[in-house]
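What follows is a set of notes on a single structure, which appears directly below.
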Amino acid sequence: MMLSFKKIQRVTFMMVCLATEVLFAQDRSHSKGADQFYKELPNPVATNVKAWAKLPNDINVSFASDNVRYPKEKIPLKTIQKNWTVTGWKGEKVHTQLLVWTKKNIPALSVSINGLTNEKGDRINEKNIKAAFVRYVMSDTFEGGCSHQAPTVYDSTLVADPIDIINKIPVEKNTVRPIWLSIEIPDNIPAGKYSGSITVNATKKYNLSITLNVQNHILPPADQWKYDFDIWQYPAPIARMHNVKLWSDEHFDLMRPYFTALAKAGQKVITANIIEQPWGLDHVHFDDPSLVKWTRKKDGTWSYDFSLFDRYISFVKSCGIHQRINCYSMITWDLSFIYYDEALGKNNTVTLKPGSEEYKAFWMPMLVEFTKHLKAKSWFDQTAIAMDERPIESMQAVISLLKEVDPKWKIALAGDTYHPEIEEDIYDYCLASYLSFGDTVLAKRKAEGKPTTFYTACVEEYPNGYTFSPPAENAWLAWHASAKGYTGYLFWAFNTWVSNPLQDARWRRYPSGTLFQFYPGPRTSIRFEKLIEGIQDFEKIRILRDKFVKEGKKDQLKEMDMVLSAFELEKLKTIPAAKMVEKGKAFLSKY
């Protein structure tokens, strides 16, 4: 029997939903016990076995650049580096890569950490030094950008990105295994040279030396950083990936290490949904449940349950993210708004145009109650109603309505078009990387203490944080912010995971890695660590600039401005981000 097209659509949709439900009815976080180890997908790129056979040594171990994603199947280096020399500030985290490449199987690769000491016996404990295996994840390419199609359309390969939580790993012959090595420099140790070693256990022991030059500067703790870092958080995927009930106690327990890691990166803003699917009904992949329950009662009046909002905001604050709260959103992308209808006994959806009487009647009662509630919690001054890439007419309608409720309401906007006519009304204003406020407006906003940032998304091939992006591009972003006078950077997705992100980062609509910068486990990534590196550099630039100004060091200020002048988007067409960042870091190391 032939089904009508609509019936076929409905059946297909139900089958997809059922398949998705089955797919996620298990824990895919690989976060517990023996399940922490997972196998990478087969490599679609052929290995040149003859080249591997010519290696003089069966197993090779070397330090290597942290700005390179080394392919799994290629011999990575010709020259072995047995020493890593690095310079950093007290309180800073520094990192590099170790590589192990082998032409025979290694049953269990592991790393032994030793502390670092100076000539006076001062010590950096081994607990401050971490070595973690970098894993390979399947990725495609940028082709198509925001119009990206199914992964099968593009060439795919394994790329190095997830940083694992296991302490040993088997290594197959004719492959490379990177190791991410990081040192968290204590903020209370004397400046000077610290030396030590690290041992790689790969059927036999390989010892490598570390020299750390600690400068006499202190990088303050992350919660004191000035950089406006805002990467949007999604609580629901954590419940889904760990296979626990949404908003259960277990879910909150599982969220804590993710959000604590984000706080340690300097995150300033809590992402808080105040309506179901604030980006519209087409955004269903991204699990956007509301923290506020809207109920239209049988008598036509409204009630609003803020209890989950209160619990969630208090929880995220306890994780260390406590400066601002951005609430999404009064303008969905399809202008649909979901609420619970008591008379119907189920959720209902209405479509409302901002500026219409119906829109005002829908939002006004909620905003009045929400305003009173936030003030009672002493959160109102921290909170903004946030919009994402919405047109000027809709923004003007929302601004007018919010001012009618309370003139002190803050508004946030991430815009793919600059609207100068509403700039003064926007407290937290973020523009796409290819737009500009202009020097005068930027200076005025900074003087007023308004967050004024830029963002990247699926439009930009570079700079960006795709799984296949050159790692230095994520550090470059903060250097660009410093050069252009922005207060920080926004990215829209911390953890909107695809079905199996540890093995396959590809998705049907955007290039690999667009949907997340962090992995289940929780596991950090090369991309996320490079974001932190750049943010630290931004803070160091800020501190040194203040010092140079205070001490009247005009030559140093001129040199700093010259270094920063290189960080232009157009220059990335011909100059790799790594080259610019390395030159910038060399300047910082001089002082």
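A few notes on this one:
- Amide hydrogen neighbours beyond the local backbone of residue 273, cut-off 5 Å, H modeled: 291, 328
- The alpha carbon gyration tensor of region 50-155 gives principal lengths a ≥ b ≥ c with a/c of 1.5 or higher and a/b no greater than b/c, which makes the shape oblate.
- ³J(HN,Hα) computed for each position of region 104-110 - Karplus, 6.51 cos²θ - 1.76 cosθ + 1.60, integer Hz, glycine/proline x: 9, 5, 10, x, 8, 7, 8
- The calculated FRET efficiency for the pair residue 436 and residue 126, based on their C-beta separation and a Förster distance of 60 Å, comes to about 0.80.
- Taking other residues whose beta carbon is less than 13 angstrom from the beta carbon of residue 247, and scoring Lys, Arg as +1 and Asp, Glu as -1, yields -2.
- Distance-filtered residues of region 171-214 - backbone nitrogen under 12 Å, label point 7 angstrom along residue 37 Cα→Cβ: 171-172
- Taking amide H as placed 1.01 Å from N in the peptide plane, the amide H of residue 288 sits under 5 Å from that of 277, each at least 5 places away or on another chain.
- Vicinal HN-Hα couplings computed from phi for region 516-522 (Karplus, 6.51 cos²θ - 1.76 cosθ + 1.60; Hz; Gly/Pro x): 6, 10, 10, 10, x, x, x
- Amide H to amide H, with H built 1.01 Å from N, residue 514 comes under 5 Å of 467, counting only residues 5 or more places away or on other chains.
- Where N is the number of residues in the chain, Cα Rg divided by 2.2 N^0.38 Å: 1.02
- Peptides 220-231, 468-479 ordered by average Cβ neighbours within 10 Å, highest first: 468-479, 220-231
- Taking 0.36 nm per residue of separation and subtracting the current Cα-Cα distance, fully stretching the chain between residue 570 and residue 48 would add 184.3 nm.
- Taking Lys and Arg as +1 and Asp and Glu as -1, the other residues whose beta-carbon sits under 10 Å from that of residue 103 total +2.
- Structural descriptor for region 38-218: relative contact order 34 percent, calculated from alpha carbon pairs under 8 angstrom and at least 6 residues apart.
- Remark: relative contact order (region 188-322) = 20 percent; criterion is Cα-Cα distance under 8 angstrom and separation of 6 or more residues.
- Cα-only radius of gyration and Dmax that characterise region 38-218, units Å: 18.4, 60
- Spacing of the two label points (7 Å from each Cα toward its C-beta) at residue 403 and residue 547, in nm: 4.5 nm
- Enclosing the Cα atoms of region 158-298 in their convex hull gives a volume equal to 210 cubic angstrom per residue.
- For residue 424, net neighbour charge (Lys/Arg +1, Asp/Glu -1) across residues whose Cβ lies under 10 Å away: -1
- Legend: distances between Cα atoms for 446/484; 245/317; 54/103; 74/130; 346/375; 72/127; pairs beyond 19 Å are 245/317; 74/130; 346/375; 72/127.
- Rounded Å value of the spacing that divides the Cα centres of region 487-563 and region 83-97: 17 Å
- The phi torsions of region 191-199, fed into the Karplus equation with coefficients 6.51, -1.76 and 1.60 and a -60° offset, translate into couplings of 5, x, 9, 10, 10, x, 8, 9, 10 Hz, rounded to whole numbers, with Gly and Pro shown as x.
- For region 497-538, the residues whose backbone nitrogen is under 19 Å from a point 7 Å from the Cα of residue 591, taken along Cα to Cβ, are 534-538.
- At R0 = 35 Å, FRET efficiency that the Cβ-Cβ distance of residue 305 and residue 509 yields, to 0.05: 0.60
- Spatial separation of Cα centroids for region 347-390 and region 263-320, in angstrom: 12 Å
- Percent RCO, i.e. relative contact order, over the chain, from Cα pairs under 8 Å lying at least 6 residues apart: 15 percent
- Here r is the Cβ-Cβ distance between residue 361 and residue 79 and R0 is 56 Å; the resulting FRET efficiency, rounded to 0.05, is 0.20.
Each reported figure results from applying straightforward, stated rules to the coordinates on display, with no laboratory input. All values reported here derive from a predicted model rather than from experimental measurement. Every residue, glycine among them, receives a Cβ derived from its backbone with ideal geometry; neighbour counts consider all protein chains shown.
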